[in-house]
Amino acid sequence: MGTPLQRRINSEAVKEVVILCANGNEDAHSYLSNIAYVSRIFDDLIDKDADVSDEQICRAFYILLAELWLNPFFAKHAQLLIPLHIASFNAFMDSNMWAESEDRLKRIYAHVIKDFINELLGMVAFLTGGYDHMRSVSLKVKEVFLEEV
């Protein structure tokens, strides 16, 4: 993901939407923050556009193997969240396949489906504040991550 400045701006934007979607629920906030961290590390490892330290990799594995499963919000809503984890992972892998395509339309779609993980934000907003909260933040969240292809 781009320059160090772009990465800092993105990190700040992620923090803002996590707060917005978690709706005051500390466990939901922790869940989303951890997912954001792991997603960044995974993306950097695959895209190789930023160095990832051994410590960052170890932290990501700890989150996935322990911390995530000990989070009360995740434990309570795992049946709804895990299918989105699976779909997000699958979309990310597909996006990487299409990102280098000579087909312009596939490259555009690659850019869109790579961000499928952001649908977790909407689901957390729903789980912490219901339909009205989800709808009130949905487009705000999407606008934060809009960028030119």
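The values are calculated or read from the model by the stated rules, or taken from the named source; none is laboratory data. Here the structure is a predicted model, which means the values were calculated and not measured. Cβ coordinates were reconstructed from backbone atoms using ideal geometry, including for glycine residues, and neighbour counts include every protein chain displayed.
A few points about this structure:
- All of (1) modelled with pLDDT of 95 or more; (2) out of contact with any Cys (no Cβ under 8 Å at 6 or more places or on another chain); (3) crowded, with 17+ Cβ neighbours inside 10 Å hold for Ala28 with one exception: (2).
- For the residues Asp44, Asp94, the requirement of being at pLDDT 95 or above, surrounded by 15 or more Cβ atoms within 10 Å (Cβ to Cβ) and not aliphatic (A, V, I, L, M) singles out Asp94.
- Filtered by the rule that a residue be closer than 16 Å to His133 by Cα and surrounded by 14 or more Cβ atoms within 10 Å (Cβ to Cβ), segment 1-18 gives Val17, Val18.
- Residues that are touching a residue at least 40 places away in the same chain (Cβ under 8 Å) and within 26 Å of Asn23 (Cα to Cα), drawn from segment 43-84: Asn71, Pro72, Phe73, Phe74, His77, Leu80, Leu81
- Index of the failed condition, Leu68 passing every other in (1) at pLDDT 95 or above; (2) surrounded by fewer than 16 Cβ atoms within 10 Å (Cβ to Cβ); (3) in contact with a helix residue (DSSP H, G or I) (Cβ under 6 Å, 6 or more places away or on another chain); (4) not basic (Lys, Arg): (2)
- In segment 1-58, the residues that are in contact with a helix residue (DSSP H, G or I) (Cβ under 7 Å, 6 or more places away or on another chain) and of a type in the set (Ser, Thr, Tyr): Tyr31, Ser33, Tyr37, Ser39
- Counting only helices (runs of 4 or more DSSP H) that sit wholly inside segment 19-101, those with at least 2 residues that are within 12 Å of the chain's Cα centre (by Cα) and of a type in the set (D, E, K, R) are 26-47.
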